[in-house]
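Heads up, the thing below is written out as C-alpha cells.
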Amino acid sequence: MVSSHLDRTNTVVCLMTYHVTKIDLLPIQIWAKKSLGAIVLGTMILGRPVSAQTIPSVVPTSIATVQSELVVTPSEQTTNVVAEPTVQAVLLDVCKTNGYGEDCAKTLLGMLWNESSNRSSVIGDSGQARGYFQIHYRLHKISIACAEDLVCSAQWSLNYLERNSYPKYVNYAIQCHNSCNVNNGYAAKAVRNAKLMWNKPLAVKQTAPIVLAMK
C-alpha cells in the first residue's frame, strides 16, 4: 500500500517537474515546491494519495502578466520624428493665412532668393537692410528680430506687396519691394528664382524658433 502511494506521488512529482522545466521560471519552481509539499501533507493526513488532477496546470495569472510585460515589440521601440518645415512650407502657410495659395508663396520665395539666398542674418545697404527680405527696418519701423524671422518678414513683405497692388499687378508689386518704376530686372529675376527653387526644399536657417502663422 505504501509502495502504491509512493508510485502515485512520484507520478505527481514527474508532472510537476515537467511543468517547471518547460516554463523555467523561478517563481513557478517555488510554486511547484509548495504544491508538492501540500500533496505530501495531504497524503499523510488522509492516508491516501492526492489526485494529480487537483494540481492546477495553469501558470498563475501574476506570473503570466509579468512575463508578457517583459516582451517589447519593435514598434514600441521606434520614436516619432517630426520634420522641421521647409522655407517653401512656411511661405505657403503665411500665404494661406492671408487667403492666397501657391503662387503667392512662389512670389515670396523668388523675392527672398533675390535678397538673401535664404540667409536670415544678411546685412545690406550699409546696415540699413536686414534679414531674409532685406527690409529697411528703420525706414519701415520694424524690428531686426522681425526682419530676421522668416514668418514675420514674409508677412511684412506680403503686406507690402498688397500695398503696391498685389495680386492685381504682380510684377509691379514685386518690383516695388526693390524700387518702384525702376527697370532693373528685379521682378523678372524673382519670377525666375521662384521657378528654379520651388521644388528644391530649403531648410529654415535662423536661431529663433519657427512659429507657423496658421494653426
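Give the number of residues within the stretch 166-209 that are hydrophobic (A, V, I, L, M, F, W, C) and surrounded by fewer than 15 Cβ atoms within 10 Å (Cβ to Cβ).
Residues meeting the conditions: 6.
When you go through K168, K205, K189 one by one, which is the residue that is in a loop (DSSP other than H, G, I, E, B) and under 16 Å from S116 (Cα atoms)?
From the options K168, K205, K189, the qualifying one is K205.
Could you tell me whether V211 is within 29 Å of A83 (Cα to Cα), in contact with a Lys or Arg (Cβ under 9 Å, 6 or more places away or on another chain) and in contact (Cβ under 8 Å) with a residue 12 or more places away in the chain?
Judged against the criteria, V211 is not a match.
Would a scan of the stretch 135-142 turn up a residue that is crowded, with 22+ Cβ neighbours inside 10 Å and of a type outside the set (V, I, T)?
At the first step, the residues of the stretch 135-142 found to be crowded, with 22+ Cβ neighbours inside 10 Å are 135.
Next, from what is left, pick out any that are of a type outside the set (V, I, T): none.
No; the residues of the stretch 135-142 include none that is crowded, with 22+ Cβ neighbours inside 10 Å and of a type outside the set (V, I, T).
I'd like the full set of residues that are hydrophobic (A, V, I, L, M, F, W, C) and closer than 21 Å to T107 by Cα, limited to the stretch 133-162.
F133, I135, C146, A147, L150, V151, C152, A154, W156, L158, L161, listed by residue number.
I need the full set of residues from the stretch 85-117 which are under 14 Å from S157 (Cβ atoms), not in a helix (DSSP H, G or I) and not hydroxyl-bearing (S, T, Y), in order please.
Answer for the stretch 85-117, where residues must be under 14 Å from S157 (Cβ atoms), not in a helix (DSSP H, G or I) and not hydroxyl-bearing (S, T, Y): just N98.
Please specify each residue of the stretch 154-165 satisfying the condition of being buried (at least 21 other Cβ atoms within 10 Å of the Cβ) and under 27 Å from the mean Cα position of the chain (by Cα).
A154
Test C176 against the criterion of being closer than 16 Å to V87 by Cα and either among the polar types (S, T, N, Q) or part of a helix (DSSP H, G or I) (or both), and give yes or no. Quick ask: steps written out before the conclusion?
Details: closer than 16 Å to V87 by Cα: no; either among the polar types (S, T, N, Q) or part of a helix (DSSP H, G or I) (or both): yes.
For C176, the condition - closer than 16 Å to V87 by Cα and either among the polar types (S, T, N, Q) or part of a helix (DSSP H, G or I) (or both) - is not met.
Exactly one condition in (1) part of a helix (DSSP H, G or I); (2) without any contact (Cβ under 8 Å) to a residue 60 or more places away in the chain; (3) among the polar types (S, T, N, Q) is false for Q155; which is it?
Of (1) part of a helix (DSSP H, G or I); (2) without any contact (Cβ under 8 Å) to a residue 60 or more places away in the chain; (3) among the polar types (S, T, N, Q), only one is false for Q155: (2).
Of the numbered conditions (1) crowded, with 21+ Cβ neighbours inside 10 Å; (2) at pLDDT below 95, A83 satisfies every one except a single condition; which is it?
A83 satisfies all of (1) crowded, with 21+ Cβ neighbours inside 10 Å; (2) at pLDDT below 95 except (1).
The values are calculated or read from the model by the stated rules, or taken from the named source; none is laboratory data. Model, not experiment: these values are computed from the prediction. Cβ atoms come from the backbone with ideal geometry, glycine included; neighbour counts cover every protein chain shown.
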